[in-house]
Structures are given as C-alpha cells and as structure tokens.
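Have a look at the structure below before the remarks.
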Amino acid sequence: MKKLKPKPSSNRPPSSRSRLWPYALLAALAIGVYYNALGNNFISDDNYQLLGNPWVTDWRQIPQIFQNSVWAYQGPTVSNYYRPIQTLLYLALYYIFGFDAFVFHLFMVLIHAANTMLMYRVGQRLLKSAEAALAASILFAVHPVHSEAVDWIAVLPDVLLTLLTLIAIGLFIRWDARPSPKQIATLCGLLLLALLTKEPGAMLIPLLMGYEFLFLGRSLLELWKNRALYLSMLGIFGIYCLMRIHALGGMAPSQGNYFNLHGITLLLSVIVLLGQYLAKLVLPIHLNYYYLFTPTTSLTLKAMLSLLAEAAVAAGIFLFRRRAPAVSYGLFAVLIPLAPALNINGVGENVFTERYLYLPSIGALIAAAVAWQWLADRQQQAAWGAIAVLAAASAWILIPRNRDWHDDVRLFSVTNQQSPNSASVIGNLAGYYYQRGEFDQAIEQDRAALKLKPKEIMFHNSLGSALAQQGHPQEAIVELRKTIELRPDYAEAHKNLGLALETVGDIDGAVREQHEALRYKPNYAEPLTALALIHMRNQDYFGAVDLLKRAIAANPLYAEAY
C-alpha cells in the first residue's frame with residue numbers, strides 16, 4: 001500500500017519573500033514620492049547651519065559642538081536649541097562627500113524611508129495585523145505634511161528623532177516591556193541620542209510608560225516594577241540637563257524672545273495652536289513654510305472647535321484603553337510629542353510649523369488603522385481602495401510641493417503669496433535676491449518689509465547693503481546709521497557702514513566702523529578682511545597678512561580672505 005505524504009502544515013512561517021516585500025514596497029514608495037526633491041539646493045537655514053558653519057568642516061571643533069548651542073558658531077548668542085548630533089552628522093557627511101546638496105537630500109529621504117519601514121514593523125506589534133500596519137505605513141510614506149521635514153536639510157533633527165523613537169519603542173515592545181539590565185542600557189543610550197538630537201527626545205520616557213499603561217493595560221503599581229528603567233532614564237535626562245545648562249547658560253534662556261504670553265491669552269493660544277496641529281494632520285492642504293501667528297485673546301469659534309477636538313482626543317485615550325488599546329496609545333502618541341511644540345514663548349517666531357507633525361503623525365495613523373481594519377474585515381476591496389485613493393491624493397499634493405523647496409527665491413516667493421503680511425518672509429526674500437545680485441528686487445522687498453516692521457534692524461541693514469551695491473552709497477549710509485541707532489552693538493551694520501564709508505572716500509570713518517564691528521564681534525572675518533585691504537592699499541603688507549590670517553582662523557570658509 002502506497003504511503004500518503006503528509007499535507008503541508010498551514011502554520012508554516014511565511015517565506016522570506018512574503019516577509020520582505022512590504023518593506024521593499026514601502027521603501028520604494030517613500031523614496032519615489034521624494035525623488036524630485038533630490039535635485040533641490042541648500043535652502044534657508046541650510047545656508048547658515050551648514051554652508052556657513054565652520055564647525056561642520058573641522059573635526060577639531062567637536063568639543064565646541066557639544067559645549068554650545070546650535071547657533072553659537074556665529075558668535076555669542078542666546079538660544080533654546082542644543083542639538084549636537086545634528087552638527088556631528090553634517091560634519092560626517094561633509095568629510096565624506098563635501099557640500100553636495102544631492103547627498104544631503106538623499107540622506108534625508110533615506111531616513112524617511114527607514115522611518116516608514118520601522119513604522120510598519122512597530123505597527124504590526126501594535127495593531128496585530130500586518131495589513132493594517134501596511135495601510136498605515138503607506139499613508140505615512142506619502143503624508144503631505146511631511147514635505148517640510150524631508151525636503152529641508154536643516155530639519156534633520158525631526159526625522160532623526162523619529163528614527164530613534166521608533167527604534168526604542170520597537171525594542172521595548174520586542175522585550176515585552178520588561179527589559180533586562182543590558183537592554184535598559186540600550187534604551188538609555190537611545191534616550192541620550194534622542195535628547196542630543198532634539199528637545200522633544202525627552203518625550204520618549206512618557207511614550208514608553210504610555211505603552212505599558214495604555215496598550216498593555218498595566219496598572220501604575222505594575223509600572224513600578226520597571227523602576228530600574230525609568231529611574232535610569234531620568235538619570236540620563238539629568239545628565240542631559242547639566243550638559244544643556246552648561247552649553248546654553250540655562251534650560252531655556254531664549255524664552256520670550258518673540259512672544260511673551262501669559263494667563264488666559266496663553267491658554268487660549270495653546271488651545272488654538274494644538275487644534276491647528278490636529279486639523280493639519282487630518283487635512284494636510286494649503287501647506288506653508290511660514291504660518292502667521294496671532295495670539296488668541298477671547299473664546300472664539302476656532303478656540304471652541306479646537307477645545308472640542310482636543311477633548312475628543314483626550315477622551316479617546318481613556319475610553320479606548322480597554323476596548324481598542326492601539327487607538328488609545330496612538331492618540332496618546334499624537335499629543336505627547338506635540339507637547340514641547342506648544343511652548344509658544346520658546347519655539348520662535350514661526351510658532352506653527354509642519355515639521356513638528358512628523359513624529360506625531362505615526363500615532364494618528366496607528367489610531368486610524370484600527371478603523372481601517374474594521375472596514376477591511378467587512379469590505380476588503382473598499383478598504384484598500386480607500387488607501388489607494390488617499391495615497392494618490394497625497395502624492396498629488398506632495399510631489400509638486402517638493403519643487404517649492406528647490407531654492408530660496410522659489411520657496412520664499414511661494415510663501416510670500418501664501419503669507420503676504422509676513423515681514424519675515426519678505427525680508428528673507430530680499431536677502432536671497434541680494435545673494436543672487438538682483439539688488440533692485442532686494443531693495444523693493446526690503447522696503448515692503450519695513451512697511452510692516454519699521455523698526456526691524458535686519459531689514460534696515462539689508463536695505464543699506466543693497467543700496468550700497470546698487471551704487472547709492474549716501475542712501476546706504478543713512479539707512480545703516482538708522483540700523484545702528486536702533487541697535488548700537490549690531491556688528492554687521494557697523495561692518496556694512498564701514499564699507500559704504502570707504503566707497504565715498506571716508507577711510508578714517510571706514511576704519512573706525514570696522515573696529516566697532518570687531519569690538520562687538522571679535523572673531524568676525526569680514527571686518528578683518530576689509531581692514532586688511534585698507535592696509536594693503538597703504539602698502540602695510542605685514543599688517544594686512546596678520547589681519548587675513550586672523551580672518552581665516554575666524555572663518556575657514558571665508559574665501560575672500562584667502
């Protein structure tokens with residue numbers, strides 16, 4: 001009698017191909033929608049934090065990177081931003097590839113692709129459904145609100161922080177939220193990297209605690225069993241605080257530089273700001289580099305709608321804790337990373353920014369995937385059809401938006417159309433026209449900016465510089481003297497005034513202004529070079545060489561000194 005072969009078991013582990021194809025699909029999608037961004041240039045803060053940053057081109061400056069704010073290379077400054085990992089990565093890429101915009105943009109896109117694949121990995125654990133995790137990750141890959149975070153090299157901390165957060169949460173889940181001592185050390189190391197990448201890295205601690213409490217349903221007493229982990233992480237946070245205070249001179253020394261809200265105005269403004277973030281997550285249209293911010297002083301309709309939306313999210317966190325823990329934890333993971341962005345008095349002039357939604361969008365999509373799974377269980381074709389439509393609509397918004405980030409003039413021209421009453425946008429546009437040598441356009445934009453902010457020193461200084469370049473030195477001198485009246489210690493204005501005075505033959509005045517610039521900013525390459533040229537014309541070559549050496553030491557990237 002012929003022996004029958006046993007039937008293959010239906011519980012066989014999936015093949016490598018079936019396990020890997022979703023990752024390949026997600027990587028291709030995440031890279032594909034940003035393919036047209038790879039030809040973009042360095043823009044906005046890239047010109048300063050990267051191209052104009054001497055710390056990026058000299059590994060010997062690594063101690064300075066850890067001992068100062070991210071802007072301190074420009075001289076004494078007050079800043080809330082302590083992000084040494086950002087500058088270290090710039091330095092590494094520069095040493096390998098130089099200042100190649102393609103490479104830097106490719107680096108950003110590859111991190112986005114890695115985040116998309118990690119979201120799929122973590123999503124499978126949270127959603128207990130590979131299909132739902134894939135649906136959520138597809139939408140993450142193409143979500144239009146991510147364009148600022150991926151297209152703008154200066155926003156490296158946001159995409160990198162998301163990478164570190166996903167790795168940490170993924171490991172925590174893999175270790176059943178009961179890490180061993182070695183695993184605790186790993187999580188603490190990731191926390192320190194996250195903190196040194198961007199301030200919201202501190203939110204990793206509540207994100208891990210929230211996973212235990214909301215997703216696993218553990219009690220507060222059970223969380224205490226993980227005290228070795230959380231106390232160790234608090235210790236790491238304490239070390240970070242000491243490093244931060246040493247570097248910045250305080251935890252947040254730049255509070256109130258742009259806004260100084262208090263009481264009911266601050267509360268209502270925070271409510272509206274959070275509502276704006278939630279709305280942009282759900283409806284990512286009319287994307288804008290610069291959103292005008294106006295404090296909310298009364299209970300407006302926008303404030304009431306925002307409060308209702310926030311109350312619904314908060315209620316969902318607790319109502320779904322038992323019935324749908326992925327929804328509960330997803331909503332929690334929206335609010336927690338956004339908390340630091342609600343510090344209106346400390347985040348800067350551009351209060352609402354799309355890049356702050358990069359990490360929170362993961363929580364929103366995890367929560368939405370639960371609803372998608374409910375639909376897929378009843379009508380699978382309709383569920384995947386909805387994903388296809390949403391992905392196509394997102395790509396239709398995202399791919400053209402990538403082109404807006406191509407260069408400074410294009411970005412700020414588009415932004416000026418979207419926010420025509422923003423003096424900062426107009427002033428920045430003037431600066432980029434100036435860099436391109438289009439001085440008539442620069443003068444026009446500077447004057448438009450001054451109509452909105454008549455006492456803004458940067459606009460007066462920029463206008464004076466453009467007038468000098470356009471061959472109007474007397475008008476330039478008047479404008480630059482206005483700048484110095486408004487701020488006597490503004491070194492750049494003294495330098496520009498010195499150049500303008502030199503043009504009209506007032507050499508003594510020129511020398512005096514360049515020395516004034518150096519009095520307020522001793523390691524300032526441009527005034528040193530200007531003085532060196534005056535020494536050369538006076539045939540004092542030894543004095544000129546000494547000044548040029550000082551200029552090169554102050555800024556090795558300053559080509560004119562060479």
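Before moving on, here are some points about what is shown:
- Applying 1/(1 + (r/R0)^6) with r as the Cβ-Cβ distance of residue 245 and residue 21 and R0 = 56 angstrom yields a FRET efficiency of 0.70.
- For the stretch 415-562, averaging the sequence separation of C-alpha pairs within contact (under 8 Å, six or more residues apart) and dividing by the residue count gives a relative contact order of 13 percent.
- Here the sum of -39500 (n - 2.57) over DSSP H runs of 4 or more residues, divided by the residues of the chain, equals -21500 deg cm²/dmol at 222 nm, to the nearest 500.
- The angle between the Cα long axis of helix 541-554 and the longest principal axis of the Cα atoms of the chain comes to about 20 degrees, rounded to the nearest 10.
- Here the Karplus relation 6.51 cos²θ - 1.76 cosθ + 1.60, evaluated at θ = phi - 60°, turns the backbone of the stretch 187-199 into coupling constants of 5, 5, x, 5, 4, 5, 4, 5, 5, 6, 8, 6, 4 Hz, with x for every Gly and Pro.
- Folded to 0 to 90 degrees: helix 423-435 orientation relative to the chain principal axis, Cα: 60
- Dipole of the chain, positive end: most advanced residue of 172, 31, 247 [Cβ charges, Cα centre]: 172
- Gyration tensor (alpha-carbon) shape descriptor, the stretch 349-400, a/c threshold 1.5: oblate
- With N counted as the residues of the stretch 189-239, its alpha-carbon radius of gyration over 2.2 N^0.38 Å works out to 1.17.
- Stokes-Einstein D (µm²/s) once Rh is taken as the Kirkwood radius of the stretch 123-169 over alpha-carbon pairs, at 25 °C in 0.890 mPa s: 206
- Taking the longest Cα principal axis of the chain as reference, the axis of helix 360-378 is set at about 30 degrees.
- A crude spin-label estimate for the pair residue 382 and residue 100, with each label 7 Å from Cα along the Cβ direction, gives 5.1 nm.
- In the chain, taking the dipole from charged Cβ atoms about the Cα centre, the farthest positive-side position among 461, 336, 40 is held by 336.
- Placing R0 at 51 angstrom, the Cβ-Cβ distance between residue 537 and residue 283 gives a FRET efficiency of 0.25 after rounding to 0.05.
- Kirkwood hydrodynamic radius (C-alpha pairs) into Stokes-Einstein, the stretch 407-562, 4 °C and 1.567 mPa s, D in µm²/s: 80
- Computed extension gain for residue 395 through residue 440, at 0.36 nm per residue and net of the alpha carbon distance, reaches 12.4 nm.
- Using θ = phi - 60° in the Karplus curve 6.51 cos²θ - 1.76 cosθ + 1.60, the 3J(HN,Hα) couplings for the stretch 98-107 round to x, 8, 9, 4, 4, 5, 5, 5, 4, 4 Hz; x is entered for Gly and Pro.
- Exposure ranking of 455, 521 by accessible area [1.4 Å probe, largest first]: 455, 521
- Cα-based convex hull volume of the stretch 15-174 per residue, rounded to whole Å³: 137
- Averaged per residue, the stretch 260-374 has 44 square angstrom of accessible surface, using a 1.4 angstrom probe with ligands and nucleic acids left out.
- Cα gyration tensor shape of the stretch 481-562, rounded if a/c is under 1.5, else prolate or oblate by comparing a/b with b/c: oblate
- Extent along principal axes [Cα atoms of the chain; Å; largest to smallest]: 111, 52, 49
- Coupling constants for the stretch 311-323 follow from the phi torsions by the Karplus curve (6.51 cos²θ - 1.76 cosθ + 1.60, θ = phi - 60°), and in residue order they are 5, 5, 5, 4, 5, x, 4, 8, 5, 9, 4, 8, 7 Hz; glycine and proline get x.
- Cross-link partners for residue 302 among the aspartates and glutamates, with Cα-Cα distance under 14 Å and sequence neighbours closer than 8 places in the same chain left out: 310.
- Dividing the radius of gyration of the alpha carbons in the stretch 196-276 by their Kirkwood radius gives 1.08 for Rg/Rh.
- The charge dipole of the chain, taken about its Cα centre with unit charges on the Cβ atoms of Lys, Arg (+1), Asp and Glu (-1) only, comes to about 3660 debye.
- Alpha carbon centroid spacing (whole Å) that separates the stretch 307-370 from the stretch 176-240: 19
- Dipole magnitude (debye, nearest 20) for the stretch 312-454, charges at Cβ of Lys, Arg, Asp, Glu: 660
- Cross-link pairs 453/549; 128/225; 495/549; 128/198; 455/495 - those with Cα-Cα distance over 29 Å: 453/549; 128/198
- Using a probe radius of 1.4 angstrom, the carbon and sulfur fraction of the accessible surface of the stretch 398-505 is 48%.
- Selection from 366, 296, 272 lying farthest towards where the dipole of the stretch 227-379 points positive, charges on Cβ: 366
- Taken about its Cα centre, the stretch 422-562 carries a charge dipole of roughly 340 debye when the Cβ of each Lys and Arg holds +1 and the Cβ of each Asp and Glu holds -1.
The values are calculated or read from the model by the stated rules, or taken from the named source; none is laboratory data. Since we're looking at a predicted model, the values are computed, not measured. As a convention, Cβ positions derive from the backbone with ideal geometry for all residues, glycine included, and neighbour counts pool all protein chains shown. Areas reflect the complete protein model, heavy atoms only, side chains present, ligands, DNA and RNA absent. Shrake-Rupley method; radii C 1.70, N 1.55, O 1.52, S 1.80 Å.
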